[in-house]
Amino acid sequence: MSVNPELQGRAFPPAPPYLVGREKVREFSRAVFATSPINHDVDAARAAGHADVVAPPTFAIVLQETTLGQLLAEPDSGIDFTRVVHGDQRFSYSRPIVAGDLLTAQLAVTSVKTLGGHGLVTAETTITDSDGVHVATAVSALVVRGDE
Amino acid sequence: MPSIDDLTVGDVVAEAAFGLTRDSLVRYAGASGDFNPIHYRDDVATSVGLPGVLAHGMLTMGLAVQPVVDWIGDPARVTDYQVRFTRPVLVDPTDGASVGVVAKVGQLDSDAGTARIDLTVTFNGETVLGKAQVRVALDHA
């Protein structure tokens, strides 16, 4: 089985809206050793000019995971989940994610390549707020290991 | 808050070491929703040819940026962050794993008020992330 080259350029329907909870931001912050008061304390976050506690820079992975689930569920993807290795990851922010945000994530497969028997899939997730304004883009490069 | 005017390419701006245990991995699994069992079950990890339980790559990425966040004082000042996952971090059930981070100024754009901070992230004396770059927004003096 190899990655279906026709995935390239495929756009997916938006994932259901995700409400960023204050306790979720705190929980995620603890998990990545984020100790800034702006991640945990509402008063500190407001004093720094934010509406509520700010999520750590890698929090957008939580939203991206839901969209990658859509990709792996595509019946014609040709992607064997047990052979997927995370190659690269990037997050680009127009503004930080804060507790209270209602976010929508939408996936597009921007590139499918084959390299030395392995499949290389670039999955780009665009995250927008409830006004439809861009918040962040998360890009994952997934390596699908070929048959040994 | 550091000022961009006080920085020079090559400056080390932050250094830290993080002790990971199996508990850290379970905590990250719950917080992130990534319940791949190779991050908490030795039997599953070895059955797919791994030497043992590995830290989530996204946990390593997530903690490696924290010394930079503490240096700039506000997580919202990180506007872009990328890494390549090059080597796994094996987390021993009793001894855990120690991950070291050194953050250096890689590039400065004074007009835009941004700096590129390059991270060197190591485990057992080897780098585990490649091209680990953080773009931060800074003020002038």
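The values are calculated or read from the model by the stated rules, or taken from the named source; none is laboratory data. Just so we're clear, the structure is a prediction, and the values are computed from it rather than from any experiment. Every residue, glycine among them, receives a Cβ derived from its backbone with ideal geometry; neighbour counts consider all protein chains shown. Each accessible area value is taken on the protein alone, full model and side chains, heavy atoms only, with ligands, DNA and RNA left out. Shrake-Rupley method; radii C 1.70, N 1.55, O 1.52, S 1.80 Å.
Structure notes:
- Hey, A:E23 part of a helix (DSSP H, G or I) and out of contact with any Ser or Thr (no Cβ under 9 Å at 6 or more places or on another chain) or not: yes
- Restricting the range B:65-96 to residues that are among the aliphatic types (A, V, I, L, M) and not in a loop (DSSP other than H, G, I, E, B), the residue that is farthest from the other protein chains (Cβ to nearest Cβ) is B:L90.
- Scoring A:A51 on the criteria (1) in contact with an Asp or Glu (Cβ under 8 Å, 6 or more places away or on another chain); (2) within 13 Å of another protein chain (Cβ to nearest Cβ); (3) under 28 Å from A:Q106 (Cα atoms) leaves a single failure, condition (1).
- Top-ranked residue in the range B:26-64 [being without any contact (Cβ under 8 Å) to a residue 24 or more places away in the chain and among the charged types (D, E, K, R); ranked as nearest to the other protein chains (Cβ to nearest Cβ)]: B:R27
A quick yes/no check of all residues on (1) assigned to a helix (DSSP H, G or I); (2) more than 12 Å from the chain's Cα centre (by Cα):
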site: B:F18; (1), (2): no, no
site: B:R27; (1), (2): yes, yes
site: B:A31; (1), (2): yes, yes
site: B:V44; (1), (2): yes, yes
site: B:G49; (1), (2): no, yes
site: B:L59; (1), (2): yes, no
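- Within the range A:83-117, the set of residues being touching a helix residue (DSSP H, G or I) at 6+ places or on another chain (Cβ under 9 Å) and free of Cβ contacts under 8 Å to residues at least 40 places away in the same chain comprises A:K113 only.
- Among residues of the range A:111-133 being out of contact with any His (no Cβ under 6 Å at 6 or more places or on another chain) and over 29 Å from B:V48 (Cα atoms), the one that is least open to solvent (accessible area, probe 1.4 Å) is A:I127.
- Members of the range A:85-99 found to be more than 7 Å from chain B (Cβ to nearest Cβ) and open to solvent by 40 Å² or more (accessible area, probe 1.4 Å), listed by number: A:V85, A:S94, A:R95
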